[in-house]
Amino acid sequence: MKVVRRILLTFLLVESLGLPAFFLAIKHFQLESETAQWIVSVWPQSDVALEDKRAVADMLVTYGELAAAQTLAYTALAWIAVFIYWLFFKRAPRRTEPASVPTDSLKAER
């Protein structure tokens, strides 16, 4: 169960940081037009005009870039909160034997 949980958390971490990092890389390297053209090229065939597809792709890239920095900051804060929660509130290990009170300590208190 621990392995599955760790794999799931690793997948979620990479997935949640991947999309904002992708849009920030597009903005950094100024690849807006190439990215919009790529989105249009992988778009499934339909009756929608090419100009409309290109307009939607341009809007997607533009708004993705605007939201990427904020999304990345909130994602980082959320993962820090998950780490702190895991650090302080993880389950204590199970004991194999019940704890017993030493008899010498009871005699010393009297």
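FYI, it's all coordinate maths here, none of it is from the lab. Note that the structure is predicted; figures quoted are calculated from it, not measured. Counting neighbours? That spans all protein chains shown, and the Cβs are built from the backbone with ideal geometry, glycine included.
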- Note on the structure: Applied in sequence order to the stretch 20-26, the curve 6.51 cos²θ - 1.76 cosθ + 1.60 (Karplus, θ = phi - 60°) yields integer Hz couplings, x standing for Gly and Pro, of x, 5, 4, 5, 5, 5, 4
- Query: Under the definition of Cα pairs under 8 Å and six or more residues apart, what whole-number percent is the relative contact order of the stretch 2-92?
  - Reply: 39 percent
- Query: Whole-Hz Karplus ³J(HN,Hα) for the stretch 40-53, in order, using 6.51 cos²θ - 1.76 cosθ + 1.60 and θ = phi - 60°, x for Gly and Pro?
  - Reply: 5, 5, 8, 5, x, 5, 7, 8, 6, 5, 4, 5, 5, 4
- Query: Relative to the present Cα-Cα distance, how much length would full extension add between T96 and Q30 at 0.36 nm per residue of separation?
  - Reply: 17.8 nm
- At a Förster distance of 25 Å, what's the computed FRET efficiency of Y63 paired with V14, Cβ-Cβ distance as r, to 0.05? 0.65
- Suppose every K and R has +1 on its Cβ and every D and E has -1 on its Cβ; what is the size of the dipole of the stretch 2-92 about the Cα centre, in Debye to the nearest 20? 960 debye
- Message: Out of the trypsin sites (Lys or Arg not before Pro) in the stretch 20-97, which ones are loop residues according to DSSP with at most 10 other C-beta atoms within 10 Å?
- Response: K90, R91, R94, R95
